[in-house]
Structures are given as C-alpha cells and as structure tokens.
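The values are calculated or read from the model by the stated rules, or taken from the named source; none is laboratory data. Keep in mind that what you see is a predicted model, and the values were worked out from it rather than measured. Virtual Cβ from ideal backbone geometry, glycine too; neighbours counted across all protein chains shown. All accessible areas refer to the heavy atoms of the entire protein, side chains included, with ligands and DNA or RNA removed. Shrake-Rupley method; radii C 1.70, N 1.55, O 1.52, S 1.80 Å.
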Amino acid sequence: MKTVLKMILAIAVIGFFTACNSSDDFETDNVDSFKHHEGKMVTLGFNILLYGTYQEVPENDDCPGLGKVINTGEGTGTHFKKVTSYFEFCVKPTGPGGGTYPEGYLVAYFEDENGDRLNVEVAGEVIPGRVPGMPNYALSYFKDPFKITGGTGRFEGATGGGMTNDYNFIGKDGIPHTSHHWQGTITMKK
C-alpha cells in the first residue's frame with residue numbers, strides 16, 4: 001500500500017510541474033492564436049433590398065454626349081441594419097425605356113447607419129419590359145454583375161461581387177423609382 005501511495009504522490013508531483021509548464025505555453029499559444037485571427041478575412045453571403053429615387057441632375061461635363069443619372073435609395077441588407085445607396089452614372093439611351101451604362105458607375109456605394117461605406121462597380125444595360133418574377137408595373141429592368149471594391153470603416157479592404165436584380169417603375173407619387181435586389185458574396189474582416 002505504501003508503494004502505491006508513493007507512486008501516486010510521485011505522479012502528482014510530476015504532473016504538477018508538467019502542468020505548470022504546459023499551462024504557461026498554452027496561455028502563450030492562445031494569445032498568439034488570438035492575435036493571428038484578429039482581422040481575419042471571411043467570405044459571407046451578401047443580400048441588399050432597397051428602393052431608390054432618381055434625382056434631378058444639373059448640366060454637367062461628366063458624361064459628354066450621354067445622360068447623367070443619380071439615384072439614391074434606402075433599404076436593408078446583410079451586414080447593414082439600415083442601408084442607403086448612392087449611384088451616379090452615365091447612360092446612353094438605346095430606345096424607349098432602354099439604355100446602356102457600359103463605362104460603369106462614376107460613383108457607387110452603400111452606406112450603413114454608422115457612415116461606413118461599401119464601394120461597388122457595375123456596368124450593363126437597362127432593358128425595356130420585365131421578366132417573370134417582377135411586378136406588372138415594372139417598366140424596365142437591369143440584371144448585371146457587380147463587384148465590391150473596398151470601402152471605409154468596417155468595409156475597408158472588402159472584396160466580392162454578385163448580380164443585380166433591379167427594375168424601374170413609376171411610384172404613386174408619379175416619380176420614377178427603382179427597386180434593387182443585389183445578391184452575392186462579400187469577403188471582409190471578421
């Protein structure tokens with residue numbers, strides 16, 4: 001019995017010294033591990049729904065030979081509580097209700113309630129009519145690829161992209177409006 005007791009005591013003493021050593025290394029490993037994961041980039045789903053309104057555009061030199069469009073909107077989205085949008089681009093009319101914006105947007109971003117901006121790029125075509133799944137009052141639509149190009153605040157360094165699923169309509173107020181649904185992925189700091 002004394003031999004068993006001495007063995008248990010010896011194992012306990014060895015375990016005590018080994019545990020202290022391992023514990024110190026473990027804490028250091030955790031700190032290093034935490035520092036390693038700070039600012040880690042993660043890829044997440046991206047989904048924004050908002051309604052926009054076309055703004056009156058004064059004469060300008062930004063779009064020689066083309067029309068300039070400014071559209072601002074509000075809505076909700078993943079990674080945003082409330083989101084506002086600002087799109088400014090040149091458009092070349094191609095017929096009634098249609099046009100292209102092949103050069104892309106001059107300025108395009110989404111902004112969260114804290115003022116952090118997510119910059120995007122998109123170019124494409126507005127097509128007269130509507131496609132299945134859009135309401136009967138849709139006058140024209142645009143389904144184009146978009147690219148996330150960084151931003152400010154928590155969106156600094158963000159990348160990603162996806163597709164737009166947007167349409168134009170005349171609101172009850174008699175003013176042209178837009179409906180925007182952007183889906184894709186975003187890679188941003190955790």
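Checked against (1) assigned to a loop (DSSP other than H, G, I, E, B); (2) without any contact (Cβ under 8 Å) to a residue 60 or more places away in the chain; (3) of a type outside the set (D, E, K, R), THR72 meets all criteria but (1). When GLY99, GLY184, GLY133 are checked against the criterion of being farther than 30 Å from GLU59 by Cβ and either open to solvent by less than 50 Å² (accessible area, probe 1.4 Å) or part of a strand (DSSP E or B) (or both), a single residue qualifies: GLY184.
Within region 78-96, the only residue that satisfies the criterion of being in a strand (DSSP E or B) and touching a residue at least 60 places away in the same chain (Cβ under 8 Å) is SER85. Being open to solvent by less than 30 Å² (accessible area, probe 1.4 Å), under 18 Å from TYR51 (Cα atoms) and assigned to a loop (DSSP other than H, G, I, E, B), is that true of even one residue in region 161-173? Looking through region 161-173, at least one residue is open to solvent by less than 30 Å² (accessible area, probe 1.4 Å), under 18 Å from TYR51 (Cα atoms) and assigned to a loop (DSSP other than H, G, I, E, B). Output the residues belonging to region 102-129 that are closer than 22 Å to GLY67 by Cβ, of a type in the set (D, E, K, R) and either under 14 Å from the mean Cα position of the chain (by Cα) or assigned to a loop (DSSP other than H, G, I, E, B) (or both). Within region 102-129, GLU103, GLU121 qualify. The set of residues in region 136-151 that are out of contact with any Asp or Glu (no Cβ under 9 Å at 6 or more places or on another chain), assigned to a strand (DSSP E or B) and open to solvent by less than 60 Å² (accessible area, probe 1.4 Å) contains only SER140. Scanning region 64-81 for residues that are among the basic types (Lys, Arg) and more than 19 Å from ASP166 (Cα to Cα) yields a single hit, LYS81. If you go through region 154-175 and keep only what is aliphatic (A, V, I, L, M) and either within 21 Å of GLU56 (Cβ to Cβ) or at pLDDT below 95 (or both), you end up with ILE170, ILE175.
For region 38-46, the count of residues that are farther than 30 Å from GLY99 by Cα and modelled with pLDDT under 85 is at least one.
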